[in-house]
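J.: Below are the structure tokens for one structure; questions will follow.
Read-outs: derived from the displayed coordinates by stated rules, not from any lab. Note that the coordinates shown come from a computational prediction; the quantities given were computed from them, not determined experimentally. Cβ placement follows ideal geometry from the backbone for every residue including glycine, while neighbour counts extend to all protein chains displayed.
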Amino acid sequence: MNNKPDSTGLDNAGAGTRAVWGGEQVRHPYNATQTPIVASAAYGYDDIDVWYDVALGKAPGFIYSRMSNPTVETLEAKIRELEMAESAVAFSSGMAAISSVLYTFLAHGDRVVSTKDSYGGTNKIFEEFLPRTGVAVTLCETFDHDDLEREIAKGCQVLYLETPTNPTLKILDIPRLVAAAKRVGAVVVADNTFATPLNQSPLALGVDVVIHSATKFLSGHGDVLGGLVCGSEALMAQVRHYREINGASLDPFSAYLIIRGMKTLALRMRQQQHSARALAEFLCTEPLVEAVNYPGLPSHPNHAVACAQMSGFGAIVSFVLVGGMDTVKLLLPRLRFAHCAGNLGAVETIYGPARTTSHVENTLEERQALGISEGLVRVSVGIEDTDDLLDDLKQAFAFVKKTLNPQLNEVHVETAN
Ligand SMILES: *Cc1c(COP(=O)(O)O)cnc(C)c1O
């Protein structure tokens, strides 16, 4: 079995085709058309010399699945095709990928610059774990590009970006910040989970390392954890070496599920972002909603930057409910076509307050300092029919109004429908 799939033929193919065929143009045992799950911890050799050559990387092959595995390599080839990267490394979760990348490129005495709005777990690495290894961490206000440029110019080894951010969907100007980082020789890392490779190509914008939580849109079915890292062969060799030792490798069963999910990525995203826009537009008209965050809305403060660097605006919308957590508790249980859960990027629509999802690791005080309101709800829009999702949200709002103001509501409910 050839485990270094030849990408020839995909060079001019679109993203949908790459998602289906990336890494899969190989002959499998028994002429199986689907990637086999190679469930073997180790690989056997009768010829000790060949074994030694493989172990030293002088000949192709596998030794031990913490180092490399055929199923996992197929997944790595697939994300490589989608991000148009030289190389990719798979991890057991998005956080395994993020922490491994940071620990690969940062050592005692180094400095990393990032923003306050990154994923809650990433924020914990910055606030809790990196400082105790002697790495200086500077987190800037996410919107303040001037401050980011100033901090980068002071010198840093890594600039870490996440855009759009979770859960407030702020947009960072990637080319502008990459230019600042290049002036000081920093490695630029970008978490591309929310955008997906279909909507944003960070490597083409000058980023060095792209990270995905494959748990989300890439796998797309909420049934598996995984993380993926892409970049140049030279940088990925360092990341791969770190993974071999820290052991945060992806198992082949999970790799198979992610491969399977990724084939429908383009189809799913098309429907999901169509509905996301419709929901965002509806939420803007809803009196019980204080603010709506969606980069595709012209009212979004960074809409112009989003248009310049993204080809689509994704399937995550967030909004702030009037009345905070009390309203959240009334609205969410009324939704029929939605999980209330701490995940996103699945075929089902998923609603969750920031308090129990992206920022569950943070205290109330920390959330307040980050500007995360208790009434903030994140919606990961699924592949259901757009009208069903809109109707569902409308009936849930009608219920909330009736509960909050029983008399007035006869009228309100009528007009809502
Ligand atoms: C979920 C998520 C992560 C963490 O990924 P896991 O697979 O849950 O470890 C990192 N970044 C973003 C933007 C995420 O949404």
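J.: Taking the Cα-to-Cβ direction at Ala42 and at Met67 and moving 7 Å from each Cα, how far apart do the two end points lie in nm?
T.: Calculated label separation equals 1.2 nm.
J.: So, one more: Report, in debye and to the nearest 20, how large the dipole of the stretch 15-262 comes out about its Cα centre when Lys and Arg carry +1 and Asp and Glu carry -1 on their Cβ.
T.: About 160 debye.
J.: Another question, then. Setting aside same-chain residues fewer than 8 positions from Lys402, which aspartates and glutamates have a Cα under 12 Å from its Cα?
T.: Glu410, Glu414
J.: Among 314-325, 351-362, 206-217, what's the highest-first ranking by average C-beta atoms within 10 angstrom per residue?
T.: 206-217, 314-325, 351-362
J.: Please state the shape class of the stretch 137-242: rounded when a/c is under 1.5, otherwise prolate if a/b exceeds b/c and oblate if not, all from the C-alpha gyration tensor.
T.: oblate
J.: For the pairs Lys58/Lys182; Lys124/Lys154; Lys58/Lys78, flag any whose C-alpha to C-alpha distance is greater than 31 Å.
T.: Lys58/Lys182
J.: Can I ask one more? Over the Cα atoms of the stretch 265-416, compute the convex hull volume and normalise it per residue, giving Å³.
T.: Spread over its residues, the Cα hull of the stretch 265-416 gives 114 Å³ apiece.
J.: In addition: In whole Å, what are the Cα extents of the chain along the three principal axes, biggest one first?
T.: The Cα atoms of the chain stretch 85, 54, 36 Å along their principal axes.
J.: Taking the chain as a Gaussian network, where each spring joins two C-alpha atoms under 10 Å apart, which residue of Tyr45, Tyr294, Tyr103 fluctuates the most?
T.: Most flexible of the set in this elastic network: Tyr45.
J.: If each residue of separation counts as 0.36 nm, what is the full-extension length gain between Glu233 and Thr17 once their alpha-carbon separation is subtracted?
T.: Roughly 75.4 nm would be gained on extension.
J.: Given springs between every Cα pair under 10 Å in a Gaussian network model of the chain, which of Ile152, Ile48, Ile171 has the largest fluctuation?
T.: Highest fluctuation of the listed residues: Ile48.
J.: Give me the dipole magnitude in Debye, nearest 20, for the chain about the Cα centre, with unit charges on the beta carbon: positive for Lys and Arg, negative for Asp and Glu.
T.: Here the size comes out at about 40 debye.
J.: As I understand it, the dipole of the stretch 265-416 uses +1 on the Cβ of Lys and Arg and -1 on the Cβ of Asp and Glu, about the Cα centre. Which of Leu288, Met325, Thr357 lies farthest toward its positive end?
T.: The Cα lying farthest towards the positive end belongs to Thr357.
J.: Further question on the same structure: If each of Asn246 and Ala204 carries a label point 7 Å out from its Cα toward its Cβ, how far apart are those two points in nm?
T.: Spacing of the two 7 Å Cα→Cβ label points: 3.0 nm.
J.: So, one more: So, with +1 on the Cβ of K and R and -1 on the Cβ of D and E, and no other charges, what is the size of the charge dipole of the stretch 324-395 about its Cα centre, to the nearest 20 debye?
T.: That gives a dipole near 220 debye.
J.: Modelled label-to-label distance, Ala308 and Cys284, 7 Å Cα→beta-carbon offset: nm?
T.: Calculated label separation equals 2.2 nm.
J.: Hey, another quick one. Hey, if you put +1 on the Cβ of every Lys and Arg and -1 on every Asp and Glu Cβ in the stretch 20-166, which of Tyr64, Ala136, Ser93 ends up farthest toward the positive end of that dipole?
T.: It is Tyr64, whose Cα lies furthest towards the positive end.
J.: Would the stretch 10-143 count as rounded, prolate or oblate if I go by the C-alpha gyration tensor, calling it rounded below 1.5 in a/c and otherwise prolate when a/b exceeds b/c, oblate otherwise?
T.: It is oblate, given that a/c is not under 1.5 and a/b is not larger than b/c.
J.: Now for a different question. What shape does the stretch 15-262 have by the C-alpha gyration tensor, where a ≥ b ≥ c are the square roots of the eigenvalues, rounded means a/c under 1.5, and otherwise prolate means a/b greater than b/c and oblate the rest?
T.: Since a/c reaches 1.5 and a/b is larger than b/c, the shape of the stretch 15-262 is classed as prolate.
J.: Could you sort the peptides 73-84, 123-134 by per-residue average Cβ neighbour count (10 Å cutoff), highest mean leading?
T.: 73-84, 123-134
J.: By DSSP, what percent of the beta bridges with both residues in the stretch 141-280 are antiparallel, rounded to the nearest 5?
T.: 40
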